[in-house]
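The structure under discussion appears below in the form of structure tokens.
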Amino acid sequence: MNPPTPAPFTGAVFIATSLDGFIARPDGDLRWLTERGEDIGETGYDEFIAGVDHLVVGRGTYEKTLSFDEWPYGGRQVLVLSSRLEAEADPRVQVVPDLDALVAALTDSGARRVYVDGGRTVTSMLAAGLVHELTITTAPVLLGEGLPLFGHLPRDVALEHRTTTVLGAGFVQSTYAVVG
């Protein structure tokens, strides 16, 4: 594994998981989250997204957003990390095939704060040293199986706890800085 790639931007994760660490059911279903989320209250997402100028998602997350009633990212530049998606698949996104191309595209576009979303994408970018902050909201539910937030990492990733907030409906949100 190469050493972490230096980048002129900050990568930040803002995501929800089940208590057992899944971001979706095996088929990508999110009802376990959306049905419980009505009583969660203020999560800080609006403030978080207001401070983001670019988003990086994997193909699976991108394809899930296509099922939403509205495009969830507004006018922000969205890069999809995928070696299988056609480069011209959607005018709202820029498809990049690997992390080197991703870093180059973000650097060329002047990215400052990048929202990183999707389990495999989060794991890949963590392994490459491109994630600097994690905000994880934990839902009070055990799914037993599903799509995990984190996959295999080639080394430990040291975190420094910043805050923990108890939200409505039994949700708990913690923020960590990546320190190594």
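The values are calculated or read from the model by the stated rules, or taken from the named source; none is laboratory data. Remember, predicted model here, so these are calculated numbers, not experimental data. As a convention, Cβ positions derive from the backbone with ideal geometry for all residues, glycine included, and neighbour counts pool all protein chains shown. Accessible surface areas use protein heavy atoms only, side chains included; no ligands, DNA or RNA. Shrake-Rupley method; radii C 1.70, N 1.55, O 1.52, S 1.80 Å.
Please calculate the 1.4 Å probe accessible area of L167, with all protein chains present, and give it to the nearest 10 Å².
Solvent-accessible area, nearest 10 Å²: 20 Å².
Want the number for R113 to E145: 0.36 nm per residue separation, take away the alpha-carbon distance, what's left? If you can, show how the numbers build up before the last one.
Details: separation 32, 0.36 × 32 = 11.52 nm, distance 3.19 nm.
Going from the current span to full extension adds 8.3 nm.
Which of rounded, prolate, oblate describes region 1-73, given a ≥ b ≥ c as roots of the alpha-carbon gyration tensor eigenvalues and a/c under 1.5 marking rounded, otherwise prolate only if a/b is larger than b/c?
prolate
Go through region 72-87 residue by residue and turn each phi into a ³J(HN,Hα) via Karplus (6.51, -1.76, 1.60, θ = phi - 60°); whole Hz please, and just put x for glycine and proline.
Calculated HN-Hα couplings, in order: x, 10, x, x, 6, 6, 10, 10, 10, 7, 7, 9, 10, 6, 5, 4 Hz.
Taking amide H positions as placed in the peptide plane 1.01 Å from N, state which residues far from T138 in sequence (5 or more) or on other chains have amide H under 5 Å from it.
Close amide H contacts, sequence-distant or interchain: T17, V172, Q173, S174.
Pop out the Kirkwood hydrodynamic radius of the chain from its pairwise C-alpha distances, inverse of mean 1/r, in Å to one decimal.
Evaluated over the chain, this radius sits at 16.8 Å.
Heavy-atom accessible area per residue, the chain, 1.4 Å probe: how many Å²?
It amounts to 53 Å² per residue over the chain.
Against the longest principal axis of the chain, how steep is helix 99-108, in degrees 0 to 90 to the nearest 10, with axes from Cα atoms?
So the helix axis and the longest Cα principal axis differ by about 80 degrees.
Give a quick list of trypsin sites (Lys or Arg not before Pro) in region 104-162 that DSSP marks as loop, anything other than H, G, I, E or B, with at most 11 other Cβ atoms within 10 Å.
Details: sites: R112, R113, R120, R155, R162; in loops: R112, R155.
Of the trypsin sites (Lys or Arg not before Pro), the ones in loops of region 104-162 whose Cβ has at most 11 other Cβ atoms within 10 Å are R155.
Rounded to the nearest percent, how much of the accessible area of region 11-51 (1.4 Å probe, protein heavy atoms only) is carbon and sulfur?
Exposed carbon and sulfur together represent 50 percent of the surface.
For region 27-106, would you read off the P(r) tail past 19 Å as a percentage of all alpha carbon pairs?
46 percent
Stretch R162-V179 to full length: gain in nm at 0.36 nm per residue minus the Cα-Cα span?
Numbers: separation 17, 0.36 × 17 = 6.12 nm, distance 1.17 nm.
Full extension of this stretch gives 5.0 nm more.
Can you give the extra length, in nm with one decimal, that the chain gains between S83 and Y45 once fully stretched, where that is 0.36 nm per residue apart less the Cα-Cα distance?
Numbers: separation 38, 0.36 × 38 = 13.68 nm, distance 2.93 nm.
Difference between extended and current length: 10.7 nm.
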